[in-house]
Amino acid sequence: MKLKKFQAATMPEVMKKVRTELGPDAVILNSKVIKTGGFMGMFKKNQTEVIAAIDPSAAAKRQERPREAPIPPAPPKREESQNKSYVESEVIMKELKQLKAMLKKEEVQTMPPVLSATYQHLIDQELEPATAEKLIKNIQDKYVDSAYPIRLEEVKRWVTHELYEQMEPLEFGHKKFQKPFIHLVGPTGVGKTTTVAKIAADAVLNHHLRVGLITTDTFRIAAIEQLKTYAKILGIPVEVAYNLEDYAAAREKFAGYDLVLVDTAGRNFRDPKYVNELKKVVNFNKFTDTYLVLSLTSKYKDMDEIFDQFESIPIHQLIFTKADETPRLGSAITMSIEKKVGIAFMTNGQNVPDDIFEASALNLSRNLMEGFTHADERSS
């Protein structure tokens, strides 16, 4: 596959160049308007840039085709035709993916070196590529002037500002307990029970609230005993709910309490039936806030699938655990930006009540760029 970039003042002029050099079999892969030339950042002219490709073997076959069409072969059997079409489609899709990757690589390489390095840092921090690309494009459009060098500290400040601007309208941190019932939901192994204990300890010790606990995690005996141990230390009651009737009775028992925290069972939430089962045990109503607990060590795609399964259960905020096990915050930031939901807490250990802190959009933005360095601190 031959790939080449063409530039001209107008699209017809570019297309003429493409046809002249690559011939009529060329395929246009990408086109955009860019600014070139100018003096001291002024008087720049618009140029149309096109990336075109051609398969040399396909062009050669077209040229070698005889003028008199040969007698067509007998049509293949339907099954053979379908299989051939499937294989051809697979080959085409593979080539398109390769071309897309080549284009993406070329775009990164044509960036100023410090921006290219910044993009790679964001990817290394596990920010989703689409989010990172949009971020870098915003920076190029808003701040970069080809007449002036780009300084590393400026880039770090721009990235921090752009991320903060996207997250700032969302609800971050936990200013107060707005509703009397808080449910923690999420997959197995993310640390919901320990997080419930940490929030309960903060409410009791720092806010002097009257707190009750409910657990619907009846699949793990250890989870019930663990929560009872925390409740005993804090001097607060805990109820076990095996079904919706038990849950309703527990809510009635805690009707006069300031705050009731509900620990739900961790299941395979990629399967919609488990969310439906959860709704049979827990009553999600207007007096309830629901927090989705996710681990920072999880892949973004897994988080994305889990979040989407809760479409019928409004997620008030996110809680991310295991911040002590990974320095990468990109997945959490992507989740917040893409799902338009804030982050209440981050946890960074097993100690109750110490290893929990309120999330901050500004701190997350700053922390994402911590440790980022670039050999060429001045690049044009």
Note to self: Cβ-Cβ under 7 Å, sequence separation 6+ or interchain: first residue in the stretch 162-190 and on the phi > 0 side of the Ramachandran plot, partner of a type in the set (Val, Ile, Thr). Which pairs?
What the structure shows: 186/293
Check: Given the structure, is residue 249 free of Cβ contacts under 8 Å to residues at least 40 places away in the same chain, of a type in the set (A, V, I, L, M) and crowded, with 16+ Cβ neighbours inside 10 Å?
Finding: no
Notebook entry, point to check: Which residues, taken from the stretch 198-225, are at pLDDT 85 or above and of a type in the set (D, E, K, R)?
Noted result: 198, 202, 210, 225
Next item on the list: Give the residue that is surrounded by the most Cβ atoms within 10 Å (Cβ to Cβ), with candidates limited to residues of the stretch 294-318 that are within 18 Å of residue 177 (Cβ to Cβ) and over 15 Å from the mean Cα position of the chain (by Cα).
Entry: 317
Item checked: Residue count for the stretch 233-270, restricted to those that are touching a helix residue (DSSP H, G or I) at 6+ places or on another chain (Cβ under 7 Å), modelled with pLDDT of 85 or more and farther than 21 Å from residue 179 by Cβ -> 1
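For the stretch 349-364, give me each residue that is under 19 Å from residue 226 (Cβ atoms) and not charged (D, E, K, R). Explain how you work it out, then say what you get.
Start the filter on the stretch 349-364 by keeping residues that are under 19 Å from residue 226 (Cβ atoms), which leaves 349-356.
Residues satisfying the conditions are 349, 350, 351, 352, 353, 356.
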Checklist line | Residue in the stretch 138-185 that is farthest from residue 204 (Cα to Cα), counting only those that are out of contact with any strand residue (DSSP E or B) (no Cβ under 9 Å at 6 or more places or on another chain) and either part of a loop (DSSP other than H, G, I, E, B) or aromatic (Phe, Trp, Tyr) (or both) | finding: 148
Note to self: Looking only at the stretch 202-255, how many residues end up being of a type outside the set (D, E, K, R), outside any loop (DSSP other than H, G, I, E, B) and more than 23 Å from residue 188 (Cβ to Cβ)?
What the structure shows: 9
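For the stretch 198-221, check the following and say yes or no: at least one residue is of a type in the set (Ser, Thr, Tyr), over 22 Å from residue 318 (Cα atoms) and surrounded by fewer than 21 Cβ atoms within 10 Å (Cβ to Cβ). Lay out the reasoning, then the answer.
At the first step, the residues of the stretch 198-221 found to be of a type in the set (Ser, Thr, Tyr) are 215-216, 218.
Now narrow it down to the ones that are over 22 Å from residue 318 (Cα atoms): 218.
The next check asks that each one be surrounded by fewer than 21 Cβ atoms within 10 Å (Cβ to Cβ); those that pass are 218.
Yes, some residue in the stretch 198-221 is of a type in the set (Ser, Thr, Tyr), over 22 Å from residue 318 (Cα atoms) and surrounded by fewer than 21 Cβ atoms within 10 Å (Cβ to Cβ).
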Notebook entry, point to check: What are the residues in the stretch 340-360 that are touching a strand residue (DSSP E or B) at 6+ places or on another chain (Cβ under 8 Å) and over 22 Å from residue 181 (Cβ atoms), if any?
Noted result: 346, 348, 355, 357
Notebook entry, point to check: Pick from 165, 153, 128, 133: which is exposed (fewer than 15 other Cβ atoms within 10 Å of the Cβ) and within 17 Å of the chain's Cα centre (by Cα)?
Noted result: 165
Margin query: Every residue in the stretch 339-362 that is under 20 Å from the mean Cα position of the chain (by Cα) and surrounded by fewer than 16 Cβ atoms within 10 Å (Cβ to Cβ), please.
Written below: 340, 362
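Could you go through the stretch 41-63 and let me know if any residue there is assigned to a helix (DSSP H, G or I) and modelled with pLDDT of 80 or more.
Looking through the stretch 41-63, none of the residues is assigned to a helix (DSSP H, G or I) and modelled with pLDDT of 80 or more.
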Check: Tally time: how many residues in the stretch 168-183 are within 13 Å of residue 317 (Cα to Cα) and open to solvent by less than 30 Å² (accessible area, probe 1.4 Å)?
Finding: 5
Notebook entry, point to check: So which helices (runs of 4 or more DSSP H) stay within the stretch 271-380 end to end and still have 3 or more residues that are closer than 17 Å to residue 126 by Cα, among the charged types (D, E, K, R) and at pLDDT 80 or above?
Noted result: 300-309
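The values are calculated or read from the model by the stated rules, or taken from the named source; none is laboratory data. Here the structure is a predicted model, which means the values were calculated and not measured. Note: ideal-geometry Cβ built from the backbone for every residue, glycine included; neighbour counts use all protein chains shown. Only protein heavy atoms, including side chains, enter the accessible area calculation; ligands, DNA and RNA are left aside. Shrake-Rupley method; radii C 1.70, N 1.55, O 1.52, S 1.80 Å.
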